[in-house]
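Asker: The structure follows.
The values are calculated or read from the model by the stated rules, or taken from the named source; none is laboratory data. Bear in mind that the values here come from a model prediction, so they are computed numbers and not experimental data. So basically every Cβ, Gly included, is an ideal-geometry build from the backbone, and we count neighbours across all protein chains shown.
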Amino acid sequence: MRFKQILSAAMLCSISVLAYAGAAFTDTTGIPEQADIDYAVSRGLFNGTDETHFSPGEPLTRAQAVAVLARQARVQGLPADTFADVPDTSYYSNALGWACESGIIQGTSATTFEPNRPVTHAELAAILTRYQTWLGREDPTFETSGSGAVTRAQAAVIYCRIAEKISELPDREEFSLQYQSSPYYTALLDVEISGDQRSDLLAVAESQLGYHEGDQPDQLDGSYNGSGNYSEYGRYFGSNGRAWCSEFASWCARQAKIPTTVLGNSRSASISTFNAPYYTWGETVYAGGDYIPQPGDLVLFAWTGTSLDEAYLSHTAIVTDAKLDGDILHLFVIHGNSNGSVRESEYIVSVSDGSVSRGQIGYFVAPDYTSR
């Protein structure tokens, strides 16, 4: 089964697990917004407020606004950790993390978001304009015709207008329009997802070899010889414009259909956010331990100093092979954000201490992959 087929099935599943279907709502029958509400619910953007009610006249809250937008963008952010009034476990925390990182929405202060506050038409228009800028639209401006607080019914209409304006394609909306036009997207669709998570991760990573970052948020097709840290992989996790080596590894895992319970999403070289078993250099067989690096494992480098503190970890790469030659280990990797691109590299590692030419191996991350 090819990747494109699996992707379509995954999206169908995301639609089928909706809490409440539009046809069951007793409070939307015959209202002007009914068709848009039914469409927005069928697309997985909105749920009802209970089994039989959509509550079309209730105001759209700030939390709901950002959650719906993230569903429409098909992004997977990391929990927002800035605001005291946003629990990490809230249904909108990951969406908010993406939206804040992407400059789409801001808090009401440095430490508060006010998730339950109603959104006004002016606020929603500004949010959706910034969203279209994030998408790379040439004309991102979006206006609403109302005033005051936006109702849930009005929001359904507005979000449908946005979907119509950016011409979303059901089986491609997980990716930016620019990336969809690239040979890297075509190569990704040709990846055979086998269920062997190690080989699937490597196949996805190999499909992206040659991709290069851009200098602008809309330069995402991999053809630009830029240095601005703008990439499809960073965009996916809401960190476009930042170093993206860890995002690349996380993105490859998501496209390989590896659950986050096996390998987590991370925007930095962090053992805590990758959330998988890990080993120091001293725990490898080369230094007297038991761990043997395997293809599909991650290696986290510290480019400055030898501290294992996460503050000093600087780079993430995917291991493809490891060959011992006397006191030297030849470590082969695929990594993103290597001179601005996705490429293969070989590191010459000193067996005595795990050092490489510009720094030190901090950790190997060894997820508990499954195979079939």
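Asker: Report, by residue number, each residue of region 220-242 that is touching a residue at least 60 places away in the same chain (Cβ under 8 Å) and assigned to a helix (DSSP H, G or I).
Answerer: TYR233, ARG235, TYR236 - these are the residues of region 220-242 that are touching a residue at least 60 places away in the same chain (Cβ under 8 Å) and assigned to a helix (DSSP H, G or I).
Asker: Let me ask something else. Mind checking whether some residue in region 22-29 is surrounded by fewer than 19 Cβ atoms within 10 Å (Cβ to Cβ), modelled with pLDDT of 50 or more and on the phi > 0 side of the Ramachandran plot?
Answerer: Applying the first criterion (surrounded by fewer than 19 Cβ atoms within 10 Å (Cβ to Cβ)) to region 22-29 yields 23-24, 26-27, 29.
Okay, now just the ones that are also modelled with pLDDT of 50 or more, so 24, 26-27, 29.
If we keep only those that are on the phi > 0 side of the Ramachandran plot as well, we get none.
Checked region 22-29: no residue is surrounded by fewer than 19 Cβ atoms within 10 Å (Cβ to Cβ), modelled with pLDDT of 50 or more and on the phi > 0 side of the Ramachandran plot.
Asker: Follow-up question, since we're still on this one. Any idea which of ARG117, ARG74 is more than 22 Å from GLN255 (Cα to Cα), in contact (Cβ under 8 Å) with a residue 40 or more places away in the chain and among the basic types (Lys, Arg)? Break it down into steps so the answer makes sense when it comes.
Answerer: Numbers: ARG74 fails: more than 22 Å from GLN255 (Cα to Cα).
After ruling out the rest, the residue left standing is ARG117.
Asker: Still on this structure, please answer the following. Picking from GLY296, GLY340, GLY264, which residue would you name as being without any contact (Cβ under 8 Å) to a residue 60 or more places away in the chain, among the small types (Gly, Ala, Ser) and either touching a strand residue (DSSP E or B) at 6+ places or on another chain (Cβ under 7 Å) or crowded, with 16+ Cβ neighbours inside 10 Å (or both)?
Answerer: Numbers: GLY296 fails: without any contact (Cβ under 8 Å) to a residue 60 or more places away in the chain; GLY340 fails: without any contact (Cβ under 8 Å) to a residue 60 or more places away in the chain.
Just a single option satisfies the conditions, and that option is GLY264.
Asker: Scan region 290-305 residue by residue and report those that are under 21 Å from GLY264 (Cα atoms) and part of a loop (DSSP other than H, G, I, E, B).
Answerer: Passing the criteria: PRO293, GLN294, PRO295, GLY296, ASP297.
Asker: Here is a check on your reading of the model: is ASP309 modelled with pLDDT of 95 or more, in contact with a strand residue (DSSP E or B) (Cβ under 9 Å, 6 or more places away or on another chain) and surrounded by fewer than 16 Cβ atoms within 10 Å (Cβ to Cβ)?
Answerer: Answer is no for this residue.
Yes/no matrix, rows are residues, columns are (1) at pLDDT below 95; (2) in contact with a helix residue (DSSP H, G or I) (Cβ under 7 Å, 6 or more places away or on another chain); (3) among the hydrophobic types (A, V, I, L, M, F, W, C); (4) surrounded by fewer than 22 Cβ atoms within 10 Å (Cβ to Cβ):
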residue: ASN275; (1), (2), (3), (4): yes, no, no, yes
residue: ALA287; (1), (2), (3), (4): yes, yes, yes, yes
residue: SER345; (1), (2), (3), (4): no, no, no, yes
residue: SER355; (1), (2), (3), (4): yes, no, no, yes
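Asker: Given the conditions (1) under 19 Å from the mean Cα position of the chain (by Cα); (2) buried (at least 22 other Cβ atoms within 10 Å of the Cβ); (3) modelled with pLDDT of 85 or more, and given that TYR91 satisfies all but one, which numbered condition is not satisfied?
Answerer: (2)
Asker: What tally of residues in region 78-88 results from selecting those that are closer than 25 Å to TYR233 by Cα and either modelled with pLDDT of 90 or more or surrounded by fewer than 13 Cβ atoms within 10 Å (Cβ to Cβ) (or both)?
Answerer: So the first thing to find is which residues in region 78-88 are closer than 25 Å to TYR233 by Cα, and the list is 78-82, 88.
Adding the requirement that they be either modelled with pLDDT of 90 or more or surrounded by fewer than 13 Cβ atoms within 10 Å (Cβ to Cβ) (or both) leaves 81, 88.
Qualifying residue count, region 78-88: 2.
Asker: While we're here: From the list SER345, SER352, which one is assigned to a loop (DSSP other than H, G, I, E, B) and not charged (D, E, K, R)? I'd like the intermediate steps shown before the answer.
Answerer: On the way: SER345 fails: assigned to a loop (DSSP other than H, G, I, E, B).
Among SER345, SER352, only SER352 is assigned to a loop (DSSP other than H, G, I, E, B) and not charged (D, E, K, R).
Asker: So SER42 passes all but one of these: (1) modelled with pLDDT of 90 or more; (2) surrounded by fewer than 18 Cβ atoms within 10 Å (Cβ to Cβ). Which condition number does it fail?
Answerer: Result: SER42 fails condition (1) only.
Asker: What number goes with the only condition from (1) farther than 19 Å from VAL365 by Cβ; (2) outside any helix (DSSP H, G or I) that PRO259 does not pass?
Answerer: (1)
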